[in-house]
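The values are calculated or read from the model by the stated rules, or taken from the named source; none is laboratory data. Model, not experiment: these values are computed from the prediction. Please note: Cβ atoms are built from the backbone with ideal geometry, for glycine as well, and neighbour counts cover all protein chains shown.
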Amino acid sequence: MTDTAQSTPFVRPDMQAFLDALAAAGAPAIADMTIAEARASYVALHGMADRPARDLAVIKDLSCPGPAGDIPLRLYDARETREPGPVIAFYHGGGFVIGDLDTHHNLCTEIAALMDLPLVAVDYRLAPEHPFPAAIEDCEAATRWIASSPSELGREASGIITIGDSAGGNATIVVGQSLGANPAAAPVVLQVPIFPLASDAMGSSSLDDFADGFVLTRAAIEFFDAAYKADRADPRGFPILSDHSNAPPTVLATASLDPIRDSGRDYGKALIDAGRSVVYLEMQGVTHSFTNIRAAVPSTQGDLERVTAAMKLMLDHG
C-alpha cells in the first residue's frame, strides 16, 4: 500500500456526509464543555442521528440493589412473556462519563427486536462524580441480579449475553472476566464488545491516524480518561491485562475509522492467541459510535444487523 493510500482511508459516502455536517455545525468540542454540557450534547447527538425506537411489547423501568444504592435498569422485550432462555445485559457507552438509559434507548429497542430476546439496560454510576471502578461494580452487580432470574424481571435467565459499546464494551469484557472467575447464577454464554476500550489506546496508531474529525477525538478520550481515572495496572480498567483462557464466546466489532480501533484489535488477537471462540467484525469506512447514528448514516443499520447475525450464529453453534 502506498503512503498516499494510507493517509486517505476509505470513508463511506453516507459517513462522509455526516462528518461534513458535524464539521459545518461547528459545535464545541466535548473536551471544552462542562460535564453537564457534554452529557446534554450526547443526548442531542443520538436524538438527531439515530433511528427511531422500535415499538416493543415490554419497555419497563426497574431497579436492582447495587454497591452504592439502587441501580436503575430498563427491560426491553418484543414479547409479553418468555420461556426460559438467554437474557441480554446492555451497558451503554460514553467514556463512563456521559450516557444513560435514554441515550441508548433506540439502540436497545433495535437489539431486543433483532435478537428476539429480553434485554436489560444498566444505568451505572458515572464519573467524575463516581470514578473507577464504580461503573464496573454497578454493571457486575446488575448482571448478577439479572442472572438470578428475580421475580421483578419476569424472565428466567438460562444464560447471560453481555453487550455494550465503547465504555460499555469495556464493561462487557470486564463483567465477563469477573463472572468467569466468580460465577453468577447463570453463565455468560456470549459477550459482544462493540468498539471497546480493552487496552490502553494512548500511543496506538489508530489514535494518531484518527485523532480528530472522526466523531470520537483524542481530546475526548483524554477528557474521559481524566474523569474516570482508571488504574492502568488494573484489569478492571484495561481488561487486556487479564487472563483470556476462559473468555466466553465472543462477537467483537470495531470500526476502521475509530481512534480506539487498535484497542479492540488487541483484544481480538488476545482471544485468538488464547484459543477462544470469536467472530471479529471490523466495519469498514465508519467511525466510533456507528451503532447510534443509523438514521444519519443509513448503511450502519446493516452493520448492526451483521453484529446481531453473528450473535445468533454464535448462540446456535457456540
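List of remarks:
- Of the residues making up segment 1-32, just one is outside any loop (DSSP other than H, G, I, E, B), at pLDDT below 90 and either in contact with a Phe, Trp or Tyr (Cβ under 9 Å, 6 or more places away or on another chain) or surrounded by 11 or more Cβ atoms within 10 Å (Cβ to Cβ) (or both), namely Ala31.
- The residues of segment 99-136 that are touching a residue at least 40 places away in the same chain (Cβ under 8 Å), within 25 Å of Ser158 (Cβ to Cβ) and in a helix (DSSP H, G or I), listed by number, are Leu107, Thr109, Glu110, Ile111, Ala112, Ala113, Leu114, Met115, Ile136.
- Verdict on Ala219 being surrounded by fewer than 19 Cβ atoms within 10 Å (Cβ to Cβ) and either farther than 30 Å from Met48 by Cα or not β-branched (Val, Ile, Thr) (or both): yes
- The condition of being at pLDDT 95 or above and either under 25 Å from Ile35 (Cα atoms) or under 15 Å from the mean Cα position of the chain (by Cα) (or both) holds for only one of Ala57, Ala68, that being Ala68.
The rows are residues; the columns are (1) within 24 Å of Ile260 (Cα to Cα); (2) crowded, with 17+ Cβ neighbours inside 10 Å; (3) hydroxyl-bearing (Ser, Thr, Tyr).
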position: Arg155; (1), (2), (3): no, yes, no
position: Ile163; (1), (2), (3): yes, yes, no
position: Ala167; (1), (2), (3): yes, yes, no
position: Thr172; (1), (2), (3): yes, yes, yes
position: Ala185; (1), (2), (3): no, no, no
position: Gln191; (1), (2), (3): yes, yes, no
position: Leu197; (1), (2), (3): yes, yes, no
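- Residue match in segment 43-66 (condition: among the β-branched types (Val, Ile, Thr), in a helix (DSSP H, G or I) and surrounded by 13 or more Cβ atoms within 10 Å (Cβ to Cβ)): yes
- Per the listing Glu37, Glu80, the residue uniquely under 30 Å from Ser256 (Cα atoms), charged (D, E, K, R) and either modelled with pLDDT of 95 or more or surrounded by fewer than 18 Cβ atoms within 10 Å (Cβ to Cβ) (or both) is Glu37.
- Residue selected from segment 235-290 under the condition among the charged types (D, E, K, R), in contact with a helix residue (DSSP H, G or I) (Cβ under 7 Å, 6 or more places away or on another chain) and in a loop (DSSP other than H, G, I, E, B), by the criterion nearest to Gly213 (Cα to Cα): Asp258
- Selection count where residues are in contact with a Leu (Cβ under 9 Å, 6 or more places away or on another chain) and either more than 16 Å from His288 (Cβ to Cβ) or in a loop (DSSP other than H, G, I, E, B) (or both), scope segment 199-227: 7
- Of all residue pairs spaced 6 or more apart or on separate chains, those with beta-carbon atoms under 7 Å, a first member in segment 270-281 that is hydroxyl-bearing (Ser, Thr, Tyr) and a second member that is in a loop (DSSP other than H, G, I, E, B) are Ser277/Pro249; Ser277/Gly318.
- In this entry, Pro196 is excluded by the filter for residues that are in a loop (DSSP other than H, G, I, E, B) and either over 30 Å from Ala181 (Cα atoms) or at pLDDT below 95 (or both).
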